[in-house]
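Just below is one structure, and these are the notes that go with it.
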Amino acid sequence: MAAIVSCITLLKHGDHMLCIEDMYAGVERYLRDIHTQYSGIEFEYTDMSDLAVVKSKLRKNTRLVWIESCTNPTLKCSDISGIAKLCKANGTILGIDNTFMSPTLVNPCKLGADITMHSVSKYINGHSDVLAGAVCLNDDKLYE
């Protein structure tokens, strides 16, 4: 959660964040019950399986699009490279929660994502004795 919250801190009052409708419930609850109340950031949830829908939801103030490489448990998949192209054209950051697929199966940064987040506590570690998250960046400005 700390890894994804650190990504959300890139947003400012008046920004729009477009989220996959089937996102990790802990993040959805954080956005709905905590962050929205004080941030002045608008969060919108949509189906990311159709690029035309994603394109129609992007706004001038959409600063971050957040998807999952594959959702858990419903296994919804998104066209990462297609969404990355739409985000680049809109000047929007693309962030991906890659926890379920892990870097063994998918490397979103190679597909055009600006940010890839992993819950290291799960598949990378083996679900037992570590609480950790990782944020990988594909953009020097974001890194700075």
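Each reported figure results from applying straightforward, stated rules to the coordinates on display, with no laboratory input. All values reported here derive from a predicted model rather than from experimental measurement. We place every Cβ from the backbone using ideal geometry, glycine too, and count neighbours over all the protein chains shown.
The DSSP beta bridges internal to the chain are antiparallel in roughly 25% of cases.
The slack in the chain from SER6 to THR74, taken as 0.36 nm per residue of separation less the alpha-carbon distance, amounts to 21.9 nm. Convex hull volume of the C-alpha atoms in the chain, normalised per residue: 106 Å³.
Relative contact order of the chain: 21 percent, from C-alpha pairs under 8 Å at least 6 residues apart in sequence. A simple spin-label model places the labels of LYS88 and ILE34 3.4 nm from each other, with each point 7 Å out along Cα-to-Cβ. With a Cα cut-off of under 21 Å and a minimum spacing of 8 residues unless on different chains, the lysine pairs in the chain number 21. Over the chain, dividing the summed -39,500 (n - 2.57) contributions of all DSSP H runs of at least 4 residues by the number of residues returns a 222 nm mean residue ellipticity of -7000 deg cm²/dmol. Averaging the Cα positions of each part gives two centres, and for the stretch 1-54 and the stretch 69-104 these lie 14 Å apart. With the highest mean first, a sort of the peptides 113-126, 46-59 on other beta-carbon atoms found within 10 angstrom per residue produces 113-126, 46-59.
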